[in-house]
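Scroll down for the structure; my scribbles are underneath it.
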Amino acid sequence: GELQGLNSEIEELQGQLARLESNPNKRIRPIDLSEGLRALGKTYTRKQIEYMIWEVDEDLDGCVSYEEFRLMFTRNVNDTTGL
């Protein structure tokens, strides 16, 4: 059911994360995030994209580094509050 679907999604995301580990210096720029979301059928304004990045951008360089992504991913996977 739903739990199995979530577990499958988590496994897929962990696989994608493992692929990112091979290039830990790669950064996700606003345009990268925008294009990725557009490929998923989602459209956001530039300001919304910048805000999404700001939420996880620990070093305030305007991009999401591998470490920032990993930290955000781990927080969300382990979150039990539902917030």
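Can you pull the one-decimal nm distance between simple spin-label points at residue 32 and residue 18, each 7 Å off the Cα toward Cβ? Modelled inter-label distance: 2.1 nm. Surface analysis of the chain yields an accessible area of 80 Å² per residue, using protein heavy atoms and a 1.4 Å probe.
Computed on the chain, the Cα convex hull volume stands at 116 Å³ per residue.
Shown are 67, 50, whose ranking by accessible area with a 1.4 Å probe and every protein chain present, most to least, is 67, 50.
At 0.36 nm per residue, minus the direct Cα-Cα distance, what do residue 78 and residue 9 gain on full extension? Give it in nm, one decimal, please. Spell out each step's value before the answer.
Numbers: separation 69, 0.36 × 69 = 24.84 nm, distance 1.42 nm.
Taking residue 78 through residue 9 to full extension adds about 23.4 nm, to one decimal.
When the accessible area of the chain is computed with all protein chains present and a 1.4 Å probe, what percentage of it is carbon and sulfur?
On the way: 3540 of 6660 Å².
Within the chain, the accessible surface is 53 percent carbon and sulfur.
Note on exposure: 56, 77 ranked by accessible area (1.4 Å probe, complete protein assembly) read 77, 56, with the most exposed listed first.
The values are calculated or read from the model by the stated rules, or taken from the named source; none is laboratory data. Note that the structure is predicted; figures quoted are calculated from it, not measured. Positions of Cβ are backbone-derived with ideal geometry, glycine not excepted, and every protein chain shown enters the neighbour counts. Protein only, heavy atoms only, side chains kept; ligands, DNA and RNA dropped before computing areas. Shrake-Rupley method; radii C 1.70, N 1.55, O 1.52, S 1.80 Å.
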